[in-house]
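The values are calculated or read from the model by the stated rules, or taken from the named source; none is laboratory data. Not measured: the values here are computed from a predicted model. Positions of Cβ are backbone-derived with ideal geometry, glycine not excepted, and every protein chain shown enters the neighbour counts. For the accessible areas, the whole protein counts, side chains as well, though only heavy atoms, and no ligand, DNA or RNA atoms are used. Shrake-Rupley method; radii C 1.70, N 1.55, O 1.52, S 1.80 Å.
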Amino acid sequence: MENSGHDNMEGIESGRVSFDFRGYLFKALNLWKLILLCIGFALIIAYLINVRKQNVYRLDTLISVENDQNPFFTANTSISFNWGGVSGKVGKILTTVKTRSHNELVVDSLQFYMRYMAEGEYRKIDIYKKAPFRFQIDKTKGQALAKYIGIRFLENNQFEVFTEFNQSRGAVQFYGDKSKGVVEIPSGPFTKQFTVGDKIELPFLNGTLTVRPKVKIIPGAEYFLYFSNFDNIVNSYKNQIKIGTFSAASSSVLIMNLTGVNKAKIVDYLNTTTEILSQTELRLKNQYATNTIKFIDSSLAAVNANLTDVTDEMNDFRRKNKVFNVDEEISLISNQLRQLEQERQKEKAKLDYLNSLENYLKTKTDYSKIAAPTSVGIEEPNILSSVGKITNLSIERQNLEYTAKEGNILFKDLDRQIDSEKNVLLETIDATKATIGININTINRNAANFEAKLSVLPADQQQYLKIQRKLSISQESYNVYMAKRSEAAIVKAANISDISVIDAAKDIGNAPIGPNKALNYMMALMVGFLLPMFMIFVLFLVDNTIHGSDEVVQLSKIPILGLIGKYKYRNNLVVFEKPKSAVSESFRAIRSSLQFIYKKQEIEGGRTLMITSSVSGEGKTFCSINIATVYALSGKKTILLGLDLRKPKIFGDFEITNDKGIVNYLIDDEKLDDVIFKTHIENLSVVPSGPIPPNPSELLMGDRLKELIGFLRTTYDIIILDTPPLGLVTDAMELSQYADATIFMIRLDYTKKGMLQLINAKYRAGEVTNISYVLNFYKHKTNHNYGYGYGYGYGYGYGYGYGTYGNAYHEDGRGPSILNRIKKIIGLRS
């Protein structure tokens, strides 16, 4: 332990500051009452918050978005009416639910801007459908905003409207067109009776109140109507409603949820939202069908006119020319020519793709966007393989950019593979283009042969075939439009919404999601614990009072001689009157420790012991009296000198007066025998201080005191010097020359750490020798003795009252204040 104290002292002297965590922990344990009080107070606050907050609920609904749900849609249906596929519809619904216009429709249909309220335990609560009446709003007239309008039911279907206004003008809203205005209202309390079913026409309330069926009205029951700004309510629901995909595997299934304090309102809002979405979507689908029918009708008129013209042209040609038919051979040649033309178009599409691909490979660096060759009918295995490899390598390179820096060896490896595969692909493209060129040349030669055979036909036959082709096209167009118009009409008649409900919102006893009462209590525990711990931490940092032996060891190299516990007693004669007490044992231990100090000194005659402290009130006189007593009781002839000339104390406990004492001897006013008083304790004599002199320091520096000490060494075994505080006056330093051993008193929870700097400086300078500390007011419960090896773990103590620290010689004798008593109860003071 000495090494530890030496290291700590070196750290202090070198300027290093270390936090004493163990000391802080023991300080907190000593103030457990304060911590417990703060935790209890925080839990009470959390409880009051929890019971006053309304429960918050979350309910949800599941909806499915299908693609063109219509029983008349088949594989043969040529017309389809949709929003661009399921993904497009899902995206539109996700956006629509969060729009202002959609939420306006929902709020307006449910009239959620009007709330039915009832008085609760802590506040007015929204009772919604539990209200025994309904109020039908007259939307053409204004309703008072942000005002509780009371409804009190009376006897015989009578009720009265009551409220109170502080001003003569108030804001109202007309929910028909959502406009707002200001109207004259009755100032002060207002009450007016009505009959159920009568029309209410007031400046601030307009509508009709009806009682719900099968509901019994209790006379005297009071309810309230509360009207809110329409836009504010819409904005509130728009922000609260949430919608998203149910799972990644089923993107067409959406989940929609809403939080609130009234579960019935949440259910209605979610289900109404779904219904309005479905109606809107169906109306949109029907609009598509309607627009299509109109377009077909307009097109049919043009096709019909064209068909009439071509028919007239054919009839006119027949009247002017003889009727003839094209033989079978000519028809066969025409069909073969048409097939060759189709093949030529396919080959040209392939050639265009390959030219585009070749240019892309030579000019671009991102190869992840190459179109699939099969999209134009290219089935060449080498081209398909190379394009797939290049695309995969390019995607791999893009993914690598998120995890590796440019210049990484992995990039170089991938680029090398891509370049290699690209060169192979370019060579394959050149070969394939050559093959396609050969195919096109062959098709062109064959087509030329068939065209030559058709050119030998007469001009009138060629004219006839031309008119016949025009007539066939017009007739086919007319038939197609008529078929599509029929399909559109059937689709419109049989249309159903693509939005269907999988699981409608329903109150099935859902538990509230808030407030999180357990979290509130947990936060209360944390705040209740951490706040006092932080306060204790701050106090610990700014506290410069010595609380335990460990701090003394850290602050000074001077050894600790002993510990004296607290012990409440009526005077200072504890050792004499309570010889079996723990405090008496402490003084005997100090006496034993002093013997080791005296044995090391080769001094003839009596031994002297000086007892001092930093300031008044640290137990210096108490220690002097009791150490003198333990020596006297052990058979040593002992004398106690009261050298604290400024504030004499030692005379009172021995029932002697301070009329004369050592001051009288030092000024040669009395003989030594006249100022030495025998006490009722065997072997113990006392020399009181005597009258307070004007020049105490000069008296103690005189030769008379030196002669006195020399004489007493020849007469007494132990000479105890009760001196003034070392930190306040210089008297003690003048007396240290006569001391064989010195005790410096430290009162725990009282002596300041800074006071040890003075005695440390004098000890290092050699001005005081053989000095030791005695710790007074030691309390085992503080556990501040872990830095010192003494085993005096007694829980006793004395409450001998000393003045407030720093008052020095000016005690007022007042008891502890009320604040200090409270601090003592919760553990802030010992």
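One table, with the values for the structure above:
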read-out: Heavy-atom accessible area ranking, 1.4 Å probe, most first, across 354, 340; value: 340, 354
read-out: The stretch 109-256 - accessible surface per residue (Å², probe 1.4 Å); value: 52
read-out: Average projected area [Cα convex hull, the stretch 472-579], square nanometres; value: 24.7
read-out: Accessible area of the stretch 609-768 divided out per residue, in Å², using a probe of 1.4 angstrom; value: 37
read-out: Links that overshoot a 29 Å alpha carbon limit, given the list 580/753; 53/139; 752/779; 706/762; 178/265; 620/678; value: 580/753; 53/139
read-out: Accessible area of the stretch 128-205 belonging to carbon and sulfur atoms, whole % at 1.4 Å probe; value: 46
read-out: Overall dimensions of the stretch 128-179 as given by Cα atoms, namely Rg and Dmax in Å; value: 13.3, 37
read-out: Aspartates and glutamates whose Cα lies under 16 Å from that of residue 412, excluding same-chain neighbours fewer than 8 positions away; value: 366, 396, 401, 421
read-out: Per residue accessible area in Å² of the stretch 507-581, where ligands, DNA and RNA are left out and the probe is 1.4 Å; value: 53
read-out: Residue 321-residue 507 pseudo-label distance in nm [points 7 Å out on the Cα-to-Cβ vector]; value: 8.5
read-out: With every protein chain in place, the stretch 629-761: carbon and sulfur % of accessible area (1.4 Å); value: 48
read-out: Contour excess over end-to-end distance, with Cα ends at residue 208 and residue 538 and 0.36 nm allotted per residue; value: 112.2 nm
read-out: Sequence-distant residues sharing a close amide H with residue 545 (under 5 Å, placed H); value: 753
read-out: Amide N of the stretch 220-240 lying under 14 Å from the label point, which is placed 7 angstrom from the Cα of residue 118 along Cα→Cβ; value: 220-225
read-out: Segment residue 196-residue 604, length gained on full extension (0.36 nm per residue, minus Cα span); value: 135.1 nm
read-out: The stretch 553-575 and the stretch 186-225: distance between their alpha carbon centers, rounded to Å; value: 83
read-out: Potential lengthening between residue 655 and residue 557 on full extension [0.36 nm per residue; Cα-Cα distance subtracted]; value: 31.3 nm
read-out: Spin-label proximity, residue 701 to the stretch 757-779 - amide N less than 20 Å from point 7 Å beyond Cα toward beta carbon; value: 762, 767-768
read-out: Rounded accessible area of residue 137 (nearest 10 Å², 1.4 Å probe); value: 20
read-out: Residue-level accessible surface for residue 123, protein heavy atoms, 1.4 Å, Å²; value: 70
